[in-house]
Amino acid sequence: MKKIKENVFWVGAADWEVRYFHGYELSTHRGTSYNSYLIRDEKTVLVDTVWKPLTERFLENLKEVTDISKIDYVVINHAEPDHSGALPVIMEHNPNAIVVVSKKGEESVRRHYYKDWNFKVVKTGDKISIGKNELVFVEAPMLHWPDSMFTYLTGENILFSNDAFGQHFAAPGLFNDEVDECEVYQEALKYYANILTPFSPLVTKKIKEVKSLQLPVELIAPSHGVVWRQNPMQIIAYYEEWAKGESENSVVIIYNSMWGATHQMADFIAKGLELMEVPYKLFNSATADRNDILAEVFKARGVILGSSTVNNGILPSLSPIIEDLIGLKFINKVGAAFGSYGWSGESPKLLESYLEKAKIKVLLEGPKAKYMPDETELKVCIEFGKEFGRHLQTKA
Ligand code: FEO
């Protein structure tokens, strides 16, 4: 248990072990936390719960600040099991508690737990008086599920934002000013890039709406990672920037190689970019972390894909990345493709078609080489890198 304001307590659970986030298949190098908050006023309110396997730790925290039977409201801002997993246990202890949800939240909680609990459905602008202070609700559909909702606590000026503004980050400190801010920034960006990017237009709209309410915000308390205490609006500013889809004038080269030919081509393309002074990063899709790659793609303007041709297709380690490039709907990116082959040589054309499907504009045709590239073909790779870099510079 940790106190975050006079009558508001963090009662969640840190998960230092998780390295691959549950249903999302998302790498979590720094673990995560499932943040749950307890508000003590004339009424007692629990905001979100934790992932079921950590229920015991959560209950220990909770019991330090309240008797579970005294909880009047359980706000479920979002029903994904990492936040609602311990709800059935709370309701077993206290079947009379009122479960506060958005309309979609009711559907979602019912479809997860099949219990006829006492639901109170709220919509944007609705308020519940809990004594001295009030809870104010703001629906946030598709940030990132249809049921997602923010809860604001007046008086203490806390925005409980659930997944939005969160990060997969376990730390001994609870507040952003108690931890390494570079690590938190990196995890917040990775979270946005891998989860929220497809909903960027909604992010922009929701932030505008929340700002127009002119609610004073002292703390932003998401349900993963740190609580934003020092300059809490910084994470909102980051989200506004990220939602615009603006990127650095840099390039990410993602490739896989059967016997080193495509790898060599990637290195020579990189040389061309270097000659144009365009920053780049190289990732072998067979060994690099998929979500780290996607976070780098999110930051960069250019994406160059390379693969050997195998079985008239591409090397399989590229496929999940391509699936995400399509699904995450990155905007304002440009790309190209290259690869080596032994006989049929379809890979660059196939990769180009995947880039197009991901709405990444193919700038120019990339190089191909049969078996191992010769000196002339390596020069072509350098020239291609230079040309790609030139395009980025002229469009900067
Ligand atoms: Fe959408 Fe943290 O669950």
> Which percent of the accessible heavy-atom area of the chain goes to carbon and sulfur, probe 1.4 angstrom?
Replying inline: 52
>> Strictly greater than 31 Å: what percent of every Cα pair in the chain meets that?
In response: 43
> Which whole-number percentage describes the relative contact order of the stretch 109-160, with Cα contacts under 8 Å and a sequence gap of 6 or more?
Replying inline: 23
>> Sequence gap at least 6, Cα distance under 8 Å: using those rules, report the relative contact order of the stretch 251-394 to the nearest whole percent.
In response: 30
> Near residue 11, within a Cβ-to-Cβ distance under 15 Å, what is the net charge of the other residues, with Lys and Arg +1 and Asp and Glu -1?
Replying inline: +1
> Net charge near residue 290, counting Lys/Arg +1 and Asp/Glu -1 over other residues with Cβ under 9 Å of its Cβ?
Replying inline: -4
> Can you pull the three principal axis extents for the Cα set of the stretch 96-198, in Å, largest first?
Replying inline: 43, 34, 24
> Antiparallel as a % of all DSSP beta bridges within the stretch 46-148, to the nearest 5?
Replying inline: 25
>> Contact order normalised by length for the chain, with contacts defined as Cα pairs under 8 Å and 6 or more residues apart; what percent is it?
In response: 11
>> Using all alpha carbons of the stretch 187-250, what is the percent of pairwise distances in each 10 Å bin, ordered from the shortest bin to the longest?
In response: 19, 52, 26, 2
> Which percent of Cα-Cα pairs in the stretch 153-206 sits in each 5 Å bin, short to long?
Replying inline: 4, 16, 23, 22, 18, 13, 3
> When DSSP assigns beta bridges and you keep just the ones with both residues in the chain, what percent turn out antiparallel, to the nearest 5?
Replying inline: 45
>> Report the Cα-based extents of the stretch 304-396 along its three principal axes, largest first, to the nearest Å.
In response: 35, 32, 15
>> Can you tally the net charge around residue 228? Count Lys and Arg as +1, Asp and Glu as -1, for every other residue whose Cβ sits under 12 Å from the Cβ of residue 228.
In response: -3
> Hey, what's the stretch 1-60 come to in accessible area per residue, 1.4 Å probe, Å²?
Replying inline: 45
> Taking the highest mean first, how do the peptides 347-359, 76-88 order by number of other beta carbon atoms within 10 angstrom per residue?
Replying inline: 76-88, 347-359
>> Can you tell me the orientation of helix 200-212 relative to the chain, as the angle in degrees between its alpha-carbon axis and the longest Cα principal axis, to the nearest 10?
In response: 40
> Short version: what are the Cα gyration tensor semi-axes of the stretch 1-129, square root of 5 times each eigenvalue, largest first, in whole Å?
Replying inline: 22, 19, 14
> Roughly what % of DSSP beta bridges within the stretch 251-394 run antiparallel, to the nearest 5?
Replying inline: 5
> Using modelled amide H (1.01 Å from N, peptide plane; none on Pro or chain starts), what sits under 5 Å from the amide H of residue 253, excluding residues fewer than 5 places away?
Replying inline: 281, 282, 283, 304
>> Can you give me the accessible area per residue for the stretch 121-234, using a 1.4 Å probe, in Å²?
In response: 37
>> Testing the spin-label approximation: label points 7 Å from Cα along Cα→Cβ at residue 52 and residue 246. State their distance in nm.
In response: 4.5
> How large is ³J(HN,Hα) for each residue in the stretch 225-232, as worked out from phi by the Karplus curve 6.51 cos²θ - 1.76 cosθ + 1.60 (θ = phi - 60°), to whole Hz, x for Gly and Pro?
Replying inline: x, 7, 8, 7, 10, 7, 6, x
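The values are calculated or read from the model by the stated rules, or taken from the named source; none is laboratory data. A quick note: this is a predicted structure, and the numbers were derived from the prediction, not measured. Heads up, the Cβs are rebuilt from the backbone with ideal geometry, glycines too, and the neighbour counts pull from every protein chain shown. These accessible areas exclude ligands, DNA and RNA; they are computed on the full protein's heavy atoms, side chains included. Shrake-Rupley method; radii C 1.70, N 1.55, O 1.52, S 1.80 Å.
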